[in-house]
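Visitor: After the structure tokens below, expect a handful of questions from me.
The values are calculated or read from the model by the stated rules, or taken from the named source; none is laboratory data. Being a predicted model, the structure only gives us computed values, none of them experimental. Note that we place each Cβ from the backbone using ideal geometry, even for glycine, and neighbour counts take in every protein chain shown.
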Amino acid sequence: MADLPTSTKPNKRWENRPLFSVEVPEELPPLPAAVEVACYRIAQEAMTNVSRHARAKTCHVRLSVDRGAGMLEVEITYDGVGIPGKRSAGVGLSSMRERAEELGGTLAVEPGPQGGTRVLARLPLPAPEQHPQGATSSRSAPSAS
């Protein structure tokens, strides 16, 4: 079999795509299915917007839990051109906002700290189960195997 030539040229298809990074805490509380779906779809739509419109070099997705407020935070920040100030929300931004608000949460879309855009969804989490003193939970920790 003959050796195939290798190219030293960068792949034009990928050279202008943003670099995505994701930050997630080591432990997340159990999430209701509706919160999982909203979190996923909001992040998906924001990253789609980055790829299609932002001309960004980087995009960072961060999940965190504000236990005091009982909120899951989904933050997507990216450099690039940002959202024009006089532009009305399209279907994607409207659907992200609706998903958050259906659960009693919020969605903010604003200029990023170093340019670009910041999307922050705050989705409510159910209160942790309260057990009477001496009661034990029927849920057990996952095994290490």
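Visitor: For region 25-54, which positions are charged (D, E, K, R) and assigned to a loop (DSSP other than H, G, I, E, B)?
Guide: Hits for region 25-54 are GLU26, GLU27.
Visitor: Could I ask something else about it? Scan region 50-69 residue by residue and report those that are over 30 Å from PRO126 (Cα atoms) and out of contact with any Asp or Glu (no Cβ under 7 Å at 6 or more places or on another chain).
Guide: VAL50, SER51, ARG52, HIS53, ALA54, ARG55
Visitor: A further question follows. Would it be correct to say that THR136 is modelled with pLDDT under 60 and not charged (D, E, K, R)?
Guide: Criteria met by THR136.
Visitor: If you don't mind, there's one more thing I want to ask. SER145 fails exactly one of the following numbered conditions: (1) at pLDDT below 95; (2) within 19 Å of the chain's Cα centre (by Cα); (3) not in a helix (DSSP H, G or I). What is the number of that condition?
Guide: So SER145 meets the others, but not (2).
Visitor: Looking at THR106, is it among the β-branched types (Val, Ile, Thr), at pLDDT 95 or above and over 13 Å from the mean Cα position of the chain (by Cα)?
Guide: Yes, satisfied.
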